[in-house]
């Protein structure tokens, strides 16, 4: 955890900051972040008051001793640190997407929903396009983000099929598809159930934002993988460092390898979950992290990395039949941003 | 390869382009890229004259049929698509680094040398800093890029040790270290030889740009891993998609997992190898890719991805003792940018 302490301290040397912003300056999971904050406080290196974190005199001496300095922030402001700008063409798509998304169903607790920013969805579509993957058959496993709508608005994908457990969302997507003549079809389907035969081995690409427990990830990825045709097919998914520790990532990477996939990209903090009226911050009083920090969210701190994987072997889902695990899908001891 | 064809065609719809620029619009290895170019030419979808690639009428019809369109480029110009800008502090470091690097030894064929741009080296230092890894003990395996100098110029690392097979480079680094009072020590050392005992298990971080054959990568990574203290330590290295196919990446990722590491980042095209007087493009007549394309390089097409890995288990190098493999270190059938 020395590295995490360094990340926190090298930010605090430049001045005090809110605790949610501080999350964004370090790489550990929320669970570990809280532990490090406690340790730094106990050591007298920092103090926290009303959610504002400040370095102490002792902390400054410690930094002097360890050669910890503040050298600034390097994230590019033109592209929010993602490396991708929204092109003129996609600005039009973004406009339409935002107009449509206004009427989206609210994120609800029951299914651990939450959605990334409109700009993030568009960047994801751009990234899929850049890879040469957009004009293909696309399968979306869980679509709180309305990725299906954004990609269909380009008119490029050959076919888009969405499955989601939430009937409200499925109805919304199908209604939008009808109204705007988009080639999207959406079905109510629980990832705990085996994929219907007619969806198996039919797609070139899958896209998902899995819940971040190991059983949950296994299910979301396996359903995506089951839907792919074969070698050369790819998957795109989000994963945080906040609710998935490095140990969990290690296990996920083992699973990906076993399923026959190479990881071609891991883009840190590619997506942000904005604090919007309909997003999961609505029920922040129920989020363990908010309870533990004791202050309301005042910064868009919940970000996720974008993974891209590609099948170099015949794709082999790690779960094939039904697997009913109920709430273990949504919660483990690292799920500190999941309401309970 | 459908995806790669799409990438190539969706670029060409917007107009003809040089063949080296075209490499930069697609994800395949050079070997595969050449195969796809041949296939597209044989199908009559493109034509190539004097290194300029153009789509044909038949190609346009094909794109119409497959819904392949040109939607623009999305790479952010403020940060060269990396997501990282060079901060004011690092602009000073960059200036000094460039001044020093003017006198660097030329890249030579014998050791398959080549170096990334000065800006790329600085971005890599920024990234290491951002991860909280800069103020630690850093081990550099092979340092054509002079990463050791750039990081030492910040005055932040606790210790930097470089090994390289090239005496010219070692002498240069030691001379610079002396002249500028940098805490860098460099030693002549061949990665085929077991690491000296006093370098083992001593560092927190390793940095390398391995050659891209599997035996070569095993050696470079193993020496880096051998130098690390334990769990929580990290490694940074470059890897291309150009001389390392997805199958090779898959094998590398298996090796990383086996050595006890999780991959925390894969940043596509984070680094570019510029066409500069002293870089490996000097002997471009000897590069297989240049021979096959039949035209001189006119675009900075050789880019590499930045990997970051972190030990979640006790680091276990896949090669521990000596392993003498001679030219297999440098060349395999994918090494089309390696002189022979």
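Consider segment A:25-78 and keep the residues that are farther than 19 Å from residue B:135 by Cβ and in a strand (DSSP E or B). The one that is nearest to the other protein chains (Cβ to nearest Cβ) is A:75. Each residue in segment B:322-340 was checked for being in contact with a helix residue (DSSP H, G or I) (Cβ under 9 Å, 6 or more places away or on another chain) and free of Cβ contacts under 8 Å to residues at least 60 places away in the same chain, and 1 of them qualify.
Among B:221, B:195, which is part of a loop (DSSP other than H, G, I, E, B), under 30 Å from residue A:6 (Cβ atoms) and in contact with a helix residue (DSSP H, G or I) (Cβ under 9 Å, 6 or more places away or on another chain)?
B:195
The set of residues in segment A:125-148 being touching a strand residue (DSSP E or B) at 6+ places or on another chain (Cβ under 7 Å), surrounded by 22 or more Cβ atoms within 10 Å (Cβ to Cβ) and either more than 13 Å from chain B (Cβ to nearest Cβ) or more than 19 Å from residue A:86 (Cβ to Cβ) (or both) consists of A:136, A:138, A:139, A:140, A:141, A:142, A:143, A:147, A:148. All conditions in (1) over 14 Å from residue A:7 (Cα atoms); (2) assigned to a helix (DSSP H, G or I); (3) under 31 Å from the mean Cα position of the chain (by Cα) hold for residue A:82, with the sole exception of (2). Any residue at all in segment A:92-107 that's within 14 Å of chain B (Cβ to nearest Cβ), under 21 Å from the mean Cα position of the chain (by Cα) and closer than 29 Å to residue A:182 by Cα? Within segment A:92-107, one or more residues are within 14 Å of chain B (Cβ to nearest Cβ), under 21 Å from the mean Cα position of the chain (by Cα) and closer than 29 Å to residue A:182 by Cα. Among the residues of segment B:81-91, none is identified as more than 8 Å from chain A (Cβ to nearest Cβ) and touching a residue at least 60 places away in the same chain (Cβ under 8 Å). Can you find even one residue in segment B:54-65 that is in contact with a strand residue (DSSP E or B) (Cβ under 6 Å, 6 or more places away or on another chain), over 30 Å from residue B:329 (Cβ atoms) and surrounded by fewer than 15 Cβ atoms within 10 Å (Cβ to Cβ)? Checked against the condition, which is being in contact with a strand residue (DSSP E or B) (Cβ under 6 Å, 6 or more places away or on another chain), over 30 Å from residue B:329 (Cβ atoms) and surrounded by fewer than 15 Cβ atoms within 10 Å (Cβ to Cβ), segment B:54-65 yields at least one hit. Number of residues in segment B:159-170 that are free of Cβ contacts under 8 Å to residues at least 24 places away in the same chain and surrounded by fewer than 19 Cβ atoms within 10 Å (Cβ to Cβ) equals 1. For segment B:101-181, the helices (runs of 4 or more DSSP H) that sit wholly inside it and include 1 or more residues that are under 22 Å from residue B:263 (Cα atoms) are B:118-130, B:147-152. Here residue B:117 meets the list (1) crowded, with 22+ Cβ neighbours inside 10 Å; (2) more than 14 Å from every other protein chain (Cβ to nearest Cβ); (3) touching a strand residue (DSSP E or B) at 6+ places or on another chain (Cβ under 6 Å) almost entirely, failing just condition (1).
The lone criterion from (1) under 17 Å from the mean Cα position of the chain (by Cα); (2) surrounded by 16 or more Cβ atoms within 10 Å (Cβ to Cβ) left unmet by residue B:299 is number (2). Among the residues of segment A:1-24, write down those that are part of a loop (DSSP other than H, G, I, E, B), touching a residue at least 40 places away in the same chain (Cβ under 8 Å) and over 29 Å from residue A:212 (Cα atoms). If the condition is that a residue be part of a loop (DSSP other than H, G, I, E, B), touching a residue at least 40 places away in the same chain (Cβ under 8 Å) and over 29 Å from residue A:212 (Cα atoms), then A:13, A:14 are the ones that fit. Looking at A:295, A:319, A:312, A:272, just one residue is over 30 Å from residue A:86 (Cβ atoms), in contact with a strand residue (DSSP E or B) (Cβ under 7 Å, 6 or more places away or on another chain) and in contact (Cβ under 8 Å) with a residue 40 or more places away in the chain, and that residue is A:312.
Scanning segment B:233-266 for residues that are under 16 Å from residue B:210 (Cα atoms), part of a strand (DSSP E or B) and within 9 Å of chain A (Cβ to nearest Cβ) yields a count of 2.
A single member of A:22, A:9 is within 11 Å of chain B (Cβ to nearest Cβ), at pLDDT 95 or above, closer than 28 Å to residue A:304 by Cα and buried (at least 21 other Cβ atoms within 10 Å of the Cβ), and it is A:9.
Please verify whether segment B:274-283 includes one or more residues that are touching a helix residue (DSSP H, G or I) at 6+ places or on another chain (Cβ under 7 Å) and part of a helix (DSSP H, G or I). Taking every residue of segment B:274-283 in turn, at least one turns out to be touching a helix residue (DSSP H, G or I) at 6+ places or on another chain (Cβ under 7 Å) and part of a helix (DSSP H, G or I). Here residue A:280 meets the list (1) touching a strand residue (DSSP E or B) at 6+ places or on another chain (Cβ under 6 Å); (2) more than 14 Å from every other protein chain (Cβ to nearest Cβ); (3) buried (at least 20 other Cβ atoms within 10 Å of the Cβ) almost entirely, failing just condition (1). Within segment A:85-107, the set of residues being under 30 Å from residue A:7 (Cβ atoms) and at pLDDT 95 or above comprises A:85, A:86.
How about segment A:286-296: which of its residues are in a loop (DSSP other than H, G, I, E, B) and surrounded by 20 or more Cβ atoms within 10 Å (Cβ to Cβ)?
Taking segment A:286-296 as the starting set, the residues that turn out to be in a loop (DSSP other than H, G, I, E, B) are A:287, A:294-296.
Within segment A:286-296, A:287 is the sole residue that qualifies.
The values are calculated or read from the model by the stated rules, or taken from the named source; none is laboratory data. All figures in this text were calculated on a predicted structure; none of them were measured in a lab. All Cβ positions, glycine included, derive from the backbone under ideal geometry; neighbour counts span all protein chains shown.
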